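Q: This is the structure I want to talk about, given as structure tokens.
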Amino acid sequence: SAAVECRGVTVRFVTDRRTVTALRDVSMAVEAGGFLSLLGPSGCGKSTLLRVVADLVKPSAGDVSVFGMAPAAARAARTLGFVFQDAALLPWRTALQNVELPLEVGGRRELPKGAPTPRELLKLVGLEGWENSFPHELSGGMRQRVSIARALLGGPRLLLMDEPFGALDEITRDRLNEELRRVWQETGTTILFVTHSVYEAVFLGEQVLVLAANPGRNAALVTVDLPRD
Ligand code: ADP
Ligand code: ADP
């Protein structure tokens, strides 16, 4: 069954100066456990689509379901984890304390049964031994690993990633792409991954959704299913 399904999603932002059509009539579906790359140039609406799925933006038209729920219900059920381009770690907290953060601010006091512990999540992203390091003691790649571990706290069924490696050098990015593929395979989490890198989209994705450069004028859009050996 579909983890995420969008049908005819249109998003318009109305400001006092003008109306921007950020997405126009976008449809897509991702199976549970799938990996979809959202690819397109800057401004084509990739972040907006991710934010619609996360219930941070309401579509002007169209339907969205996340594991059969409306986005608001999926968000309330803590089905989602979100990773942004900036790791946004709290500098006065250690790596481990940053991963634990959602337990304190998210209203959830304990992890669901069977969910990996913060320590296990740091190990999963390759940071065993760095639990007590502070963000300034970690490289950019390591900081982003921490933010991935934090997003995986509570065992979300869906991980939304908005250009998570966009600020990293190419070598670090390649390494993290390999790690992310392993994490995806080990956890079975469904992933939506935003990038403007064709290479990254194709390396990671089972499917690539290509968004048109100008959604206001051109709704052209395809999903490519990539063959895997
Ligand atoms: P991408 O992630 O592909 O770079 P975005 O989804 O961020 O694209 O933006 C798509 C379009 O919507 C852009 O033209 C952007 O300026 C506009 N946009 C995004 N968010 C808002 C907002 N909150 N208010 C007004 N316009 C917005
Ligand atoms: P990543 O691919 O996670 O960004 P780097 O290539 O930046 O990792 O770092 C490679 C290795 O260098 C790390 O695994 C770590 O052992 C070490 N390292 C990186 N930053 C620091 C630091 N601030 N202090 C000590 N060792 C570090």
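The values are calculated or read from the model by the stated rules, or taken from the named source; none is laboratory data. In this text the structure is predicted, and so the values were computed from the model without any measurement. So basically every Cβ, Gly included, is an ideal-geometry build from the backbone, and we count neighbours across all protein chains shown. The area values use the complete protein model at the heavy-atom level, side chains included, leaving out ligands, DNA and RNA. Shrake-Rupley method; radii C 1.70, N 1.55, O 1.52, S 1.80 Å.
Q: Using the Kirkwood formula on the Cα atoms of region 81-193, what hydrodynamic radius do you get, in angstrom to one decimal?
A: Numbers: mean 1/r = 0.0718 Å⁻¹.
Kirkwood hydrodynamic radius for region 81-193: 13.9 Å.
Q: Which aspartates and glutamates does Lys46 reach when only Cα atoms under 13 Å apart count, and residues fewer than 8 places away in its own chain are ignored?
A: Partners within reach: Asp162, Glu163.
Q: Here's a follow-up. Under a straight-distance cross-link criterion of Cα-Cα below 19 Å, which aspartates and glutamates are reachable from Lys113, leaving out those fewer than 8 residues away in the same chain?
A: Glu100, Glu104, Glu186
Q: By the gyration tensor of its Cα atoms, with a ≥ b ≥ c the square roots of the eigenvalues, what is the shape of region 172-211: rounded for a/c under 1.5, prolate for a/b over b/c, or oblate? Before the final figure, lay out each step's value.
A: On the way: a/c = 2.43, a/b = 1.25, b/c = 1.94.
It is oblate, given that a/c is not under 1.5 and a/b is not larger than b/c.
Q: May I ask you to derive the relative contact order of the chain, considering only C-alpha pairs under 8 Å and at least 6 residues apart, and to give it as an integer percent?
A: Values: 459 pairs, mean separation 65.0, N = 229.
Rounded, it is 28 percent for the chain.
Q: Helix-only mean residue ellipticity at 222 nm, the chain, DSSP H runs n ≥ 4 weighted -39,500 (n - 2.57), per residue, nearest 500. What is it?
A: -9000 deg cm²/dmol
Q: Which loop trypsin sites (Lys or Arg not before Pro) in region 74-117, with loop taken from DSSP, have no more than 12 other Cβ atoms within 10 angstrom of their Cβ? Don't jump to the answer; show the numbers that get you there.
A: On the way: sites: Arg75, Arg78, Arg93, Arg108, Arg109, Lys113; in loops: Arg78, Arg93, Arg108, Arg109, Lys113.
Within region 74-117, the qualifying trypsin sites (Lys or Arg not before Pro) (loop, at most 12 other Cβ atoms within 10 Å) are Arg109, Lys113.
Q: Let's test the formula: R0 of 30 Å, r as the Cβ-Cβ distance of Glu110 and Asp63. What FRET efficiency results, to the nearest 0.05? Can you show the working numbers first?
A: Numbers: r = 34 Å, r/R0 = 1.13.
After rounding, the FRET efficiency stands at 0.30.
Q: Is there a quick way to get the dipole size of the chain? I mean about its Cα centre, with the Cβ of Lys and Arg at +1 and of Asp and Glu at -1; what is the value in debye to the nearest 20? Walk me through the intermediate numbers first.
A: On the way: 26 positive and 26 negative charges, 149 e Å.
Computed charge dipole of the chain: roughly 720 debye.
Q: Sticking with this one: Residue separation times 0.36 nm, minus the C-alpha to C-alpha distance between Glu170 and Arg18: what's the value?
A: On the way: separation 152, 0.36 × 152 = 54.72 nm, distance 3.75 nm.
Full extension from Glu170 to Arg18 adds 51.0 nm.
Q: In whole Å, what is the distance between the alpha-carbon centres of region 26-91 and region 1-19?
A: Using only Cα atoms to place each centre, the spacing works out to 11 Å.
Q: Separate question: Where the accessible area of the chain is counted over protein heavy atoms with a 1.4 Å probe, how much of it, in %, is carbon and sulfur?
A: Numbers: 5620 of 11400 Å².
C and S fraction of accessible area: 49 percent.
Q: Could you provide, to the nearest whole Å², the per residue accessible area of region 1-142 with probe 1.4 Å?
A: On the way: 7370 Å² over 142 residues.
I get 52 Å² per residue for region 1-142.
Q: If you don't mind, another one. Give a quick list of trypsin sites (Lys or Arg not before Pro) in region 1-66 that DSSP marks as loop, anything other than H, G, I, E or B, with at most 14 other Cβ atoms within 10 Å. Spell out each step's value before the answer.
A: Values: sites: Arg7, Arg12, Arg17, Arg18, Arg24, Lys46, Arg51; in loops: Arg17, Arg18.
Here the sparse-neighbourhood loop sites are Arg17, Arg18.
Q: With no solvent and one equal point scatterer placed on each C-alpha of the chain, evaluate the Debye formula and give log10 I(q)/I(0) for q = 0.18 Å⁻¹, two decimals.
A: -1.37
Q: Further question: Rounding to the nearest 20 debye, state how big the charge dipole of region 1-129 is about its Cα centre with +1 on each Lys and Arg Cβ and -1 on each Asp and Glu Cβ. Please list the in-between numbers first.
A: Details: 16 positive and 12 negative charges, 61 e Å.
In debye, rounded to 20, region 1-129 gives about 300.
Q: Please figure out what share of the DSSP beta bridges in the chain is antiparallel and state it in percent, rounded to the nearest 5. Intermediate values should be presented prior to the final figure.
A: On the way: 20 of 38 bridges.
Of the beta bridges lying entirely in the chain, close to 55 percent run antiparallel.
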